[in-house]
Amino acid sequence: MYFDSHVHLDDKKFNPDREQVIQAAKEAGISLMLNPGADMESSKKALDLAETYPEIYAAVGIHPHDAQNQKADDLQQLEAWSRHEKVVAIGEIGLDFHYDFSPRDIQRKCFQEQLELAKQLELPVIIHDRDAHGDVFDLIKEAGVAKTGCVMHCYSGSAEMAMEYVKRGIYISLAGPITFKNARKTREVAEQVPLEKLFIETDCPYLTPVPYRGKRNQPAMVTYVAEAIAQAKGITPEAVAHQTMENAKQFFQIK
């Protein structure tokens, strides 16, 4: 059984066949999925999905792309949604200095406020970090959120940086890019980070793994991520599936 720790099943790309995609995931052995929000609308949709499907849990949060659209009462609403039994984290939140869709100072403020909210609520955080490794590392350290749980979603940094996170009790989540031909750096991360500190995810509908690259990603494809990690570590995909399931269930406090 697999836990896909990061899906965007609320995405409009799933509108034509969402039900079938969820069914296909179950048939492929994906027994649990975590759907984070990226803005207020998608956070609400994530919660709706979690209420509809027993195997889906939600996280709520404002992605750095949407930081500039944050309204005065959004944090209050996120807090209210976080009281729901199927909301198990704040996310995805962080910094994106690759696209810079929101000004960097606004991204930082939005990120810091949500880190503080997560700390108050004693909820773990799901972190988005694109070309902002140093800033993200410093803000996480400053906020002290590792105590309540922190995972680096779709990790793209070095093995050295990954081990710095792991030393602080932070989890590393790997996605489809580990299957790409040029993914030497990500495979090094998979080799070096202890299995007890890894999650697997699809980030669907994005980052489709080989051999389906170029097509829409979906939770059933998380098995390819598990296989790539297994290959890097010289263990079985079943061992990866089992341990990452245990890791994510404990992290999100899912019984």
Boolean, residue 24 is in contact (Cβ under 8 Å) with a residue 60 or more places away in the chain and surrounded by fewer than 20 Cβ atoms within 10 Å (Cβ to Cβ): yes
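Does the stretch 106-116 contain at least one residue that is in a strand (DSSP E or B) and charged (D, E, K, R)? Don't jump to the end; show me each part of the working.
Looking only at the stretch 106-116, we keep the residues that are in a strand (DSSP E or B), and these are none.
Among the residues of the stretch 106-116, not one is in a strand (DSSP E or B) and charged (D, E, K, R), which makes the answer no.
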Unique residue being modelled with pLDDT of 95 or more and in a loop (DSSP other than H, G, I, E, B) when the list is 208, 186: 208
The stretch 2-19 residues that are more than 22 Å from residue 90 (Cα to Cα), paired with ones that are of a type in the set (A, V, I, L, M) and surrounded by fewer than 22 Cβ atoms within 10 Å (Cβ to Cβ) (beta carbon under 7 Å, 6 or more apart): 14/21
Looking only at the stretch 205-223, and only at residues there that are within 20 Å of the chain's Cα centre (by Cα) and surrounded by fewer than 21 Cβ atoms within 10 Å (Cβ to Cβ), the one that is nearest to residue 191 (Cα to Cα): 223
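Could you tell me how many of the residues in the stretch 145-167 are over 20 Å from residue 182 (Cα atoms) and out of contact with any Lys or Arg (no Cβ under 7 Å at 6 or more places or on another chain)?
Start the filter on the stretch 145-167 by keeping residues that are over 20 Å from residue 182 (Cα atoms), which leaves 145-152, 163-167.
Those left that are additionally out of contact with any Lys or Arg (no Cβ under 7 Å at 6 or more places or on another chain): 147, 149-152, 163-165, 167.
Going through the stretch 145-167 one residue at a time, the tally reaches 9.
Mind listing whichever residues of the stretch 5-21 are more than 16 Å from the chain's Cα centre (by Cα) and crowded, with 16+ Cβ neighbours inside 10 Å?
13, 14, 18, 21
Of these, 112, 107, 76, 70, which one is of a type outside the set (Ser, Thr, Tyr), out of contact with any helix residue (DSSP H, G or I) (no Cβ under 9 Å at 6 or more places or on another chain) and at pLDDT 95 or above? Walk me through how you get there before you give the answer.
Values: 112 fails: out of contact with any helix residue (DSSP H, G or I) (no Cβ under 9 Å at 6 or more places or on another chain); 107 fails: out of contact with any helix residue (DSSP H, G or I) (no Cβ under 9 Å at 6 or more places or on another chain); 70 fails: out of contact with any helix residue (DSSP H, G or I) (no Cβ under 9 Å at 6 or more places or on another chain).
Answer to the check: 76.
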Any hit, the stretch 76-93, residues being touching a strand residue (DSSP E or B) at 6+ places or on another chain (Cβ under 9 Å), hydrophobic (A, V, I, L, M, F, W, C), more than 21 Å from residue 5 (Cβ to Cβ) and surrounded by fewer than 23 Cβ atoms within 10 Å (Cβ to Cβ): no
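The values are calculated or read from the model by the stated rules, or taken from the named source; none is laboratory data. Computed from a prediction, not measured in an experiment: that's the story for all the values here. Counting neighbours? That spans all protein chains shown, and the Cβs are built from the backbone with ideal geometry, glycine included.
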